[in-house]
């Protein structure tokens, strides 16, 4: 019985981070849509240096990124933070354009750098979103 309890506790402790990780929700749906494509590329393809996989999904990532840019400054962002948000959106848009070019014709190192720029800019934007 102790072994079964230990096994259950071990399994729960291993699965809990997955449940939390998989349930991340942003207050703006376009951010969730973008993150759905970004997450496996960042945590699976990039560490394995699967450049072909990143290139394969680049078009969808860029499309969903453009939807974020189109949203602009979301409702709920304070006036004090709106200008900072606009500046980061501009950086994000530029990073998306470079990533798109690199995904089509850039060297793997360029793709890695531009993907990182998109990821980092997205993280900045997501951190500035109003909380649900």
Peptide ranges 68-75, 92-99 listed from the most packed, as the mean C-beta count within 10 angstrom indicates: 92-99, 68-75
q = 0.19 Å⁻¹, region 25-128: log10 I(q)/I(0) [Debye, one scatterer per Cα]: -0.87
With 10 Å bins from 0: P(r) over region 74-115, alpha-carbon pairs, percent: 30, 32, 23, 15, 0
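Since every read-out is calculated from the coordinates, none of them should be taken as a lab result. These figures come from a predicted structure and were not determined experimentally. Cβ: placed from backbone, ideal geometry, glycine included. Neighbour counts: every protein chain shown.
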